[in-house]
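Participant: So that we are looking at the same thing, I have put the structure below in structure tokens.
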Amino acid sequence: MKLYEFRNRKGKEKIIMLTAYDYQIAKILDEEVIDMILVGDSLGMVMQGYADTKSVTMEDMLYHTRAVARGVKKTPIIVDMPLNSDSTIEDALRNAKSFLDAGAHGVKIEGNKTKVIKALISDGIPVMGHIGLLPQTALSYRVRGKAPKDAQKILQDAVQLDKLGVFTMVLESIPEGLAKQITKAVDAPTIGIGAGKHCDGQVLVINDMLGLDLTFSPKYVKRYANLNQIIKKAVEDFRQEVRGGEYPNYEHTYH
Ligand code: KIV
């Protein structure tokens, strides 16, 4: 599927996107019917333990993109351009192409970087926009677009990205009324994270929706599983069985 065909999904079936950073999770997601896999630079937090996405490098993103690509046969893979990888048109083109070589089908760019986005799209590289809260440059994670002036700027950015021809755009942490207004104003499908139900699709960080780190709980995260508890229980059972001599038993031993 050509990523630009997502523009035809507007107002039809909701678009489903989840992040993946490794081979095994990517393989599971590829067996499920989701529309896109995002190798997000959120890997800085959930894979590397940093406080934010600012330290993530091209090398980190390429490593995880290759791992994800090995697990995926059919689902389009989108990769975040990390901080400073798209500072100039030349850098953006070179780095985006290295993601395509690593198995990605498109890239996501944070913010309204008109010249860079225009150059990538003209060169045939599909771009997903990202507006609202921009973690690469944000000093805080508060909701954006509450004040009328900020809302106006985000709406203008959305319209501009739409005109440039992004195939979809992420709306992060904005009030649902603003997300609704943007979704109506643009032809590109909007994909919300903390932007309410009126978006054309939704994305979550897989570790958040699986409940791996219970200390991270922004309002928009719904936990569809509690893997933290499941993992702890499995580790406890293993510990008890090894100490109690129950594992390995006859069945799990070579004879
Ligand atoms: O890095 C990421 O996972 C993202 C999503 C939150 C959209 O950008």
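The values are calculated or read from the model by the stated rules, or taken from the named source; none is laboratory data. Predicted model, so just to flag it, every value in this text is computed and none were measured. Virtual Cβ from ideal backbone geometry, glycine too; neighbours counted across all protein chains shown. Surface accessibility is based on the protein's heavy atoms, side chains included, excluding ligands, DNA and RNA. Shrake-Rupley method; radii C 1.70, N 1.55, O 1.52, S 1.80 Å.
Participant: Only one residue in 119, 147, 104, 151 is at pLDDT 95 or above and within 20 Å of the chain's Cα centre (by Cα), so which one is that?
Facilitator: 104
Here is a yes/no grid of residues against (1) surrounded by 22 or more Cβ atoms within 10 Å (Cβ to Cβ); (2) assigned by TED's automatic domain parsing to the domain that holds residue 17; (3) touching a Phe, Trp or Tyr at 6+ places or on another chain (Cβ under 6 Å):
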{"site": "156", "(1), (2), (3)": "no, yes, no"}
{"site": "176", "(1), (2), (3)": "no, yes, no"}
{"site": "184", "(1), (2), (3)": "no, yes, no"}
{"site": "190", "(1), (2), (3)": "yes, yes, no"}
{"site": "198", "(1), (2), (3)": "no, yes, no"}
{"site": "209", "(1), (2), (3)": "no, yes, yes"}
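Participant: I'd like to check something: does the range 144-156 contain any residue that is small (Gly, Ala, Ser), over 25 Å from residue 75 (Cβ atoms), without any contact (Cβ under 8 Å) to a residue 12 or more places away in the chain and out of contact with any Pro (no Cβ under 9 Å at 6 or more places or on another chain)?
Facilitator: Checked the range 144-156: at least one residue is small (Gly, Ala, Ser), over 25 Å from residue 75 (Cβ atoms), without any contact (Cβ under 8 Å) to a residue 12 or more places away in the chain and out of contact with any Pro (no Cβ under 9 Å at 6 or more places or on another chain).
Participant: Within the bounds of the range 121-139, is there any residue that is in a helix (DSSP H, G or I), open to solvent by less than 50 Å² (accessible area, probe 1.4 Å) and away from the ligand (no atom under 13 Å from the Cβ)?
Facilitator: Scanning the range 121-139, I find at least one residue that is in a helix (DSSP H, G or I), open to solvent by less than 50 Å² (accessible area, probe 1.4 Å) and away from the ligand (no atom under 13 Å from the Cβ), so the answer is yes.
Participant: If I ask for residues that are modelled with pLDDT under 95 and either farther than 21 Å from residue 184 by Cα or within 16 Å of the ligand (Cβ to nearest atom) (or both), which ones from the range 8-47 would you list?
Facilitator: 32, 33
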